[in-house]
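Structure record follows, encoded as structure tokens.
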Amino acid sequence: MKPISRASGRSATGAAAYRAGVEVLDARTGLVHDYTRKAGVIHSELILPGGGAANRSAFWNSVEHHHKRGDA
């Protein structure tokens with residue numbers, strides 16, 4: 001696990017898209033993080049409490065929306 005600091009210009013949505021090898025739209029900045037051509041991702045899964053599943057983009061955008069501070 002690595003911390004993702006917004007102060008250094010990174011975002012949770014971009015990091016999640018990279019790790020999963022998917023495309024995620026960052027609602028805060030309007031950027032599309034597209035890592036669909038990234039090789040080496042065998043399996044990616046978003047597991048939530050209670051056994052639920054969610055849209056990866058919606059989940060990480062809600063995380064970014066919740067943490068507003070630059071050092072969050």
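Some observations on this one:
- Qualifying positions in the stretch 16-41 - farther than 11 Å from N61 by Cα, aliphatic (A, V, I, L, M) and not in a loop (DSSP other than H, G, I, E, B): A17, A20, V32
- Looking only at the stretch 42-62, and only at residues there that are in a helix (DSSP H, G or I) and hydroxyl-bearing (S, T, Y), the one that is most open to solvent (accessible area, probe 1.4 Å): S62
- For first residues located in the stretch 38-50 and of a type in the set (S, T, Y), partners that are modelled with pLDDT of 85 or more and in a loop (DSSP other than H, G, I, E, B) and lie 6+ apart or on another chain with Cβ distances below 8 Å form the pairs S44/G21; S44/V22.
- Filtered residues of the stretch 32-46 (kept if at pLDDT 90 or above and under 12 Å from the mean Cα position of the chain (by Cα)): V32, H33, D34, Y35
- A58 being over 17 Å from S11 (Cα atoms) and at pLDDT below 90: no
The values are calculated or read from the model by the stated rules, or taken from the named source; none is laboratory data. A quick note: this is a predicted structure, and the numbers were derived from the prediction, not measured. Note that we place each Cβ from the backbone using ideal geometry, even for glycine, and neighbour counts take in every protein chain shown. For the accessible areas, the whole protein counts, side chains as well, though only heavy atoms, and no ligand, DNA or RNA atoms are used. Shrake-Rupley method; radii C 1.70, N 1.55, O 1.52, S 1.80 Å.
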